[in-house]
Amino acid sequence: MKEIPVYYAPSSFEHFPQYEIFNGKNDLHEESSARIANIMHALEMSGIADINISTVKSLGIVERVHSYDYIKYLKKTTESARETALANNDPIFAIYPSVHPYNNFGHAENAVALRGTYAFDTYTPIMRNTYEIALDSAGAAIAGAMLLREGQPQVYALTRPPGHHAEKAMMGGYCYINNVAVAAEYLISKGAKKVAIFDFDVHHGNGTQDIFYDRKDVLVVNIHAEPKEKFPYYTGYQDEHGNGEGEGYNFNYPLKLHTEDEAYDQAVKRALEHISRFCPDYLLVSAGFDTHKEEPIGGFSLSTEYYKTLGGRIARFGIPTLSVQEGGYATDVLGQNVVSYLKGLLGK
Ligand code: Q9C
Ligand code: ZN
């Protein structure tokens, strides 16, 4: 039976954000390890996945995507969270921002000031192992990209934490290191001339857009819920087309809340046209399943079956494709949705 290679990092089960702060209140954090437990279970049951452990850690590539200062901050703050966690015997000790930069004079010397400088929301805590776990997650995306270079047509990286909200120098939206961007940069460092990224998470991939906004070697196409209704609120509008050399290499398809299979599929067809016109060497997919109808923080109403159609449309390009896990928080159907998508990729 035809299988799809899957990469994951075992440490992704050790990330335990407890709560996100919304409007001054602590809400239960949706980005739980139950998500990947459910996906792993469904993959094992499906018989279509060849599951591998990733041991890749590539700080070198990560530092081509993110600023040196940002990565240094993430590492140091993780170390400081670890010290406090150990000293207080509090394994879930977490660091959140309290203030954000405004019209100041460029100073961010205090620890609290730095937290606001490097995070754009209050949903993305730094805990005792955050830096290492985020690096492992990006490593799983690189491991997947390595297989593409060996000639695999379809690969899936089961990354957690997710990545597409992480900008060059900011964490947010449960993301610390932009996994899909790291995979793209890895492929380019190995000689790829053109890489396309298709992002179908329900939230706009502001981080990926930010990272490649000025570049024409990486085309970024996003389909998501209208940002006037949904996180990340400030980006994902249709008039964001890229900048300088990158002008014409960024496309956003914001769709109305409650969009169902048929209308969604029409938009997917239009979005994918940009990719076939671009003729990339590789296609990377930010695969978020928070578009599903049972999604607790989504906004669309896609069926489990639709993901198979979507996978089929992506596979039909015949471009070597790495799908990288992003969001999806309906923990009892998430795995089924992933399997449906992978079946589409495999042409089943
Ligand atoms: N209390 C990803 O899907 N807003 N991130 C949640 C609900 C943040 C989603 C508000 C959503 C971030 C990778
Ligand atoms: Zn999302």
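The values are calculated or read from the model by the stated rules, or taken from the named source; none is laboratory data. Bear in mind the structure is a predicted one, so any value in this text is a computation, not a measurement. Neighbour counts run over all protein chains shown; Cβ positions are idealised from the backbone, glycine included. The protein model used for the area step is the full one, side chains on, heavy atoms only, and it has no ligands, DNA or RNA in it. Shrake-Rupley method; radii C 1.70, N 1.55, O 1.52, S 1.80 Å.
Would you please classify the overall shape of the chain from the alpha carbon gyration tensor, given that a ≥ b ≥ c denote the square roots of the eigenvalues, rounded means a/c under 1.5, and beyond that prolate means a/b larger than b/c while oblate covers the rest? Taking the square roots of the gyration eigenvalues as a ≥ b ≥ c, the chain is rounded. Compared with the dominant Cα axis of the chain, that is its longest principal axis, helix 261-278 is turned about 90°. Overall shape of segment 219-278 was characterised from the C-alpha gyration tensor. The equivalent ellipsoid obtained from it has semi-axes of 20, 16, 6 Å, in decreasing order.
Of all the options Val182, Val220, Val268, the one that moves most in a Gaussian network model of the chain with Cα springs shorter than 10 angstrom is Val268.
Taking amide H atoms as placed 1.01 Å from N in the peptide plane, the amide H of Tyr7 lies under 5 Å from those of Asn52, Tyr156, Ala157, Leu158, each 5 or more residues away in sequence or on another chain. Cross-link partners of Lys308 among lysines, defined as those whose alpha carbon lies under 27 angstrom from its own and excluding same-chain residues fewer than eight positions apart: Lys2, Lys194, Lys230, Lys256, Lys269, Lys293, Lys343, Lys348. Across segment 292-308, coupling constants 3J(HN,Hα) worked out from phi with the 6.51/-1.76/1.60 Karplus curve, θ = phi - 60°, read 6, 5, 9, 5, x, 10, x, x, 9, 10, 7, 8, 4, 4, 4, 4, 5 Hz, and Gly and Pro carry x. Prolate is the label for segment 177-255. Its Cα gyration tensor axes, ordered a ≥ b ≥ c, give a/c of at least 1.5 and a/b above b/c. Apply the a/c threshold of 1.5 to the C-alpha gyration tensor of segment 91-166 and tell me whether it is rounded, prolate or oblate. It comes out prolate by the Cα gyration axes. Among Asn88, Asn104, Asn129, the largest mean-square fluctuation in a Gaussian network model of the chain, built with springs joining Cα atoms closer than 10 Å, belongs to Asn104. Full extension of the chain between Tyr237 and His100 gives 47.0 nm of extra length, using 0.36 nm per residue less the Cα-Cα distance. Each Lys and Arg contributes +1 and each Asp and Glu -1, all at the Cβ; summed about the Cα centre of the chain, the dipole is approximately 740 debye. Amide H contacts under 5 Å for Asp199: Val221, Asn222, Ile223, Ser286, restricted to partners 5 or more places along the chain or on a different chain, H placed in the peptide plane at 1.01 Å from N.
Projection of the Cα convex hull of segment 125-241, averaged over all directions and equal to a quarter of that hull's surface, yields 7.5 nm².
Entry for segment 2-77 at q = 0.11, 0.16, 0.22 Å⁻¹: log10 I(q)/I(0) = -0.48, -0.89, -1.07, Debye formula applied to identical alpha-carbon scatterers, no solvent contribution.
Computed with a 1.4 Å probe over protein heavy atoms only, the accessible surface of segment 101-157 comes to 44 Å² per residue.
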